[in-house]
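Novice: Sharing a structure here in C-alpha cells format.
Where a number appears in this text, it was derived from the coordinates with a stated rule and is not lab data. Remember, it's a predicted structure, so these values are computed and weren't measured experimentally. All Cβ positions, glycine included, derive from the backbone under ideal geometry; neighbour counts span all protein chains shown.
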Amino acid sequence: MPPPELSAVTGAFSYTGRYIAQRLLDTGHRVRTLTGHPHSPDPFAGRVDVAPLDFGDAKGLARSLEGTDTLFNTYWIRFSRGRVTLESAVQNTRVLIKAAEQAGVRRLVHISITSADPDSHFEYFRGKGLAEEAVSRSRLSSAIVRPTLIFGREDILINNIAWGLRRFPFFPIFGSGAYRVQPVYVEDLAEIAVAAAFEGADQVVDAVGPETYTFEELVRLIGASVGSRARLVHLGPGLAHALTRLAGFLTHDIRRDTRRGRWADGRPAGLQGAGHGHDAAERVAGRERRLAGEKLQVRAQAALRVREGNHEWTRARRYLKRLWVW
C-alpha cells in the first residue's frame, strides 16, 4: 500500500493552519508544516513534520516542499511593523509559490479574505488582492478560499469584542452598524479548505457561515452571551477614525488607511460581505473559477449546522453560548 499523501501547511502551529493540519491528520494525511517559529509548542505531539519557512532561502523552501501533493497557504501578517510590511508579505507569497512550482506541488489552497482587492484603499485588503493575483497567475492548480469573519476559541475579533463589552460601560459601533457579516467557524473553514484540495478546477470559494448578522446584531448577541450591560454608541467616521488610531497606538495593531477608506453607509473596512470582485475584467475572468467553487461551497454549507439533543444550532450560536473570553 502506498504511503498517505503528504500535505504541507504554512503555520500549522498558529490559528487557521492548526485546524487545517488537524483536519488533514484526521483524514489520514501526512502533514508537514513550514513555520517561522519551529520552537513553538507543538499541539500535534510530533505527528507533524517541521520545516523552516525562510523566504530568504527559496531553494530551501523548494526542498522542504518536495514530495508534497497539496500546499495549504495560511501565511500572512496582520499589519506592517518595521521591515516586516504587507508589501513584503506579498513578495514572500510570490517566493513561496515559485518554490511550490519548482518542487512539483500539484495544488495550492490559498487562504485569503472576502474583501481582497488589489485596488483597495486599505493596505491590508490590497495586499490580500495582490497575493490572490500571484496565485491565479501561477502554474499551479489552485483554490482560493475567501473566509469572512472567522470565529473560534483562539480568534481575536470576537474575543476582543467580548472583552470590551464586559469591561466598559460603552461599546462603539462604527457608523450605522447595519453592515452585514457571515461568520464562519474555524473548523468549517478547515473542512472547506481540505475539500478544495481534491477538486480539479481552479476555484474561488467564499467560506461563509449559514447565518447573516448586521454588525450591531452580532455585538448584541456577544453581549448577551457574556452578560454585558454595556450601552452601544454609534460613531461617525471622523470620531471612529480617531478612536481607531488611538486603539492602534495602544495595542500596536492595525490602524492605518482608515481615513482613506470608503465609508459607504458608515461601514468600516473588513466587515464587507462575501463576493467582492477586483474589477469588471477580473469578475468576468474569474466567473468560471467561482462557478466551479459553487458546488463545493454548497456541500460545505450542509455541514455547518449541528444537533444537540432535540435542538439544531448553527455553530455560531453554539459557540457564542459557550464563549471563551480572557
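Novice: From the phi of every residue in the range 8-14, what ³J(HN,Hα) in whole Hz does the Karplus formula 6.51 cos²θ - 1.76 cosθ + 1.60 yield, where θ is phi - 60° and glycine or proline is x?
Specialist: In residue order, the calculated couplings are 10, 10, 6, x, 6, 9, 9 Hz.
Novice: Using amide H atoms built in the peptide plane, which far-off residues or other-chain residues are under 5 Å from Ala143 H to H?
Specialist: Placed amide hydrogens put Leu108, Val109, His110, Gln203 under 5 Å from Ala143.
Novice: Sticking with this one: Mind listing the long-range amide H neighbours of Val9? Cut-off is under 5 Å, sequence gap 5 or more, other chains count too, H placed in the peptide plane at 1.01 Å from N.
Specialist: For Val9, the qualifying residues are Arg32, Thr33, Leu34, Phe72.
Novice: Continuing with this model, one more query. Would you work out which of Phe125, Ser138, Ala99 lies farthest towards the positive end of the dipole of the range 82-138? Charges go on Cβ: Lys and Arg +1, Asp and Glu -1.
Specialist: About the Cα centre, the residue reaching furthest to the positive side is Ala99.
Novice: Related question: Would you work out the relative contact order for the range 62-145, in percent, from Cα pairs under 8 angstrom that are 6 or more residues apart?
Specialist: On the way: 130 pairs, mean separation 28.9, N = 84.
For the range 62-145, the relative contact order is 34 percent.
Novice: Follow-up. Normalised by the number of residues in the range 1-121, what is the relative contact order in percent for Cα pairs under 8 Å and 6+ residues apart?
Specialist: Numbers: 179 pairs, mean separation 30.9, N = 121.
Over the range 1-121, the number comes to 26 percent.
Novice: Calculate, for Arg231 and Arg81, the FRET efficiency according to 1/(1 + (r/R0)^6) with r their C-beta to C-beta distance and R0 22 Å; round to the nearest 0.05.
Specialist: Values: r = 34 Å, r/R0 = 1.54.
Working from the Cβ atoms, E equals 0.05.
Novice: Dipole of the range 37-146, Cα-centred, from +1 at each Lys and Arg C-beta and -1 at each Asp and Glu C-beta, to the nearest 20 debye?
Specialist: On the way: 15 positive and 13 negative charges, 11 e Å.
It comes to approximately 60 debye.
Novice: Follow-up. Take the alpha carbon gyration tensor of the range 95-227, find the square roots of its eigenvalues, order them as a ≥ b ≥ c, and report rounded if a/c is under 1.5; if not, report prolate when a/b exceeds b/c, else oblate. Don't jump to the answer; show the numbers that get you there.
Specialist: On the way: a/c = 2.68, a/b = 2.07, b/c = 1.29.
Prolate shape, in that a/c is at least 1.5 and a/b is the bigger ratio.
Novice: Grab the beta carbon distance between Glu5 and Val95, set R0 = 22 Å, and tell me the FRET efficiency rounded to 0.05.
Specialist: Taking R0 as 22 Å, the efficiency between Glu5 and Val95 is 0.35.
Novice: Would you grab the residues whose amide H sits under 5 Å from the one on Ile150? Only those 5+ places off in sequence or on another chain, please, with H modelled 1.01 Å from N.
Specialist: It is Val184, by chain and number.
Novice: Let me ask you something else. Which parts of the range 157-178 would a label at Ala242 reach, counting a residue when its backbone N lies under 20 Å from a point 7 Å out along Cα-to-Cβ?
Specialist: Answer for the range 157-178: 169-177.
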